[in-house]
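Before any comments, here is the structure.
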Ligand SMILES: [Zn+2]
């Protein structure tokens, strides 16, 4: 039987307008006028609430198998569903085994079985010494590859230098898959850290952590990646861009027609270094959250299209690893695990920030729907309300006001820098491939998420 979803505010690639989305089985078969409900279709009328496509988050650390005490498919995908995110792409590290060969990918698939509330896909890893594993991983269905140019924090996920990158790009050239890079190089980080320690820096102060990850670590890494992108013609994607000082490099590469894309994350767009308290290690991530002027420059680059998309980089850990034990003294930034936990909050966080800046909600779907779907090879299938796409739908109340409490965090550990933040906009319902999976703050049925392999 067909279904019809209508509202006076449906967001399609043509804009926000009254419409009816017609669904047969798992797919959208047409977007029609508001009055044009097919006879015999089951009608869901959402009134004036905004109907958005399910969002796509291409930067999530699910940490399963192997570190399910940090996160896992069940908790991560529940959080995603509650936040209107219907496709997650999992990073290849923090899980054990790391997704650096086909056997590890199979272990991930087995771990996800029967647990995922939303659809998902996997990035493979490029690490020192695994060049021979890349083509088999590509054939086995990873969406692309991620590498680090600096220590990842995970010993099993070795960072790569220029020589390793050249070996990897030779292999990636024929796959058509993108190389995603954590764009910080070690040199400036090591030099800054040594200088700070030599001067007896107080590592409980955020300013010292920020100074230990200077802009130059990002700009040097991005310059290297652009050179290799040009040489090998492999699509390169900069994950979690933090430093606005790298924007001229990206602009120049794009002007020269190189296949270079970039993302920034919700925390770089929402928070600013000036507001981060000493010892507040729930804000620790790398690259770090920089100053307010830098944040405004990132917004400018998004508006200009220089930054293509926004991801969460949800990367949680047990609170003890953030050294947030209440019996402890103020935590040290250098001892705390890096990663911000936020899965499920990106939509209201971005929307709240966009309202203040007078931006149309259509941009949000470009940044968190169509652009990440394209990166993961899911264009036309995910992140868009159009004929032929999966019927992934979000019913969103753009005016609801609420404050983030621990009960609103559905990932495993309720530690997040967003606790206490006042937001506008709330997800009322989430649908995946034509089935309602979340409504009235509760999940419906059982996990039916499926792996998505790129076209
Ligand atoms: Zn990450």
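The values are calculated or read from the model by the stated rules, or taken from the named source; none is laboratory data. As the structure is a computational prediction, the values presented were derived from the model and not from experiment. No Cβ is skipped: glycine too gets one built from the backbone with ideal geometry, and neighbour counts run over all protein chains shown.
Side notes on the structure shown:
- Segment 323-344, residues that are farther than 19 Å from residue 73 by Cβ and within 16 Å of the ligand (Cβ to nearest atom): 336, 337, 338, 340
- Condition met for residue 209 (in a helix (DSSP H, G or I), within 16 Å of the ligand (Cβ to nearest atom) and either touching a helix residue (DSSP H, G or I) at 6+ places or on another chain (Cβ under 7 Å) or under 16 Å from residue 184 (Cα atoms) (or both)): no
- Which listed residue is over 20 Å from the mean Cα position of the chain (by Cα) and closer than 22 Å to residue 372 by Cα, from 241, 210, 225: 225
- Test result for residue 112, without any contact (Cβ under 8 Å) to a residue 40 or more places away in the chain, touching a helix residue (DSSP H, G or I) at 6+ places or on another chain (Cβ under 7 Å) and surrounded by fewer than 24 Cβ atoms within 10 Å (Cβ to Cβ): no
- Residue check, residue 155 over 27 Å from residue 316 (Cα atoms), part of a loop (DSSP other than H, G, I, E, B) and modelled with pLDDT under 95: no
- Considered as a group, the residues in segment 25-46 that are free of Cβ contacts under 8 Å to residues at least 60 places away in the same chain and part of a strand (DSSP E or B) include one that is nearest to residue 362 (Cα to Cα), and that residue is 32.
- Which listed residue is away from the ligand (no atom under 16 Å from the Cβ), outside any helix (DSSP H, G or I), in contact with a strand residue (DSSP E or B) (Cβ under 9 Å, 6 or more places away or on another chain) and closer than 23 Å to residue 443 by Cβ, from 87, 77: 87
- Pick from segment 179-199, criterion part of a loop (DSSP other than H, G, I, E, B) and either more than 16 Å from the ligand (Cβ to nearest atom) or out of contact with any strand residue (DSSP E or B) (no Cβ under 6 Å at 6 or more places or on another chain) (or both), ranking: nearest to residue 334 (Cα to Cα): 199
- Scanning segment 216-268 for residues that are within 16 Å of the ligand (Cβ to nearest atom), farther than 21 Å from residue 164 by Cα and assigned to a helix (DSSP H, G or I) returns 266, 267, 268.
- Residues that are in contact with a strand residue (DSSP E or B) (Cβ under 9 Å, 6 or more places away or on another chain), more than 28 Å from residue 381 (Cα to Cα) and surrounded by fewer than 21 Cβ atoms within 10 Å (Cβ to Cβ), drawn from segment 391-417: 399, 400, 401, 402, 403, 404
- Positions within segment 51-74 being within 15 Å of the ligand (Cβ to nearest atom), under 23 Å from residue 264 (Cα atoms) and in a loop (DSSP other than H, G, I, E, B), in sequence order: 61, 62, 63, 71
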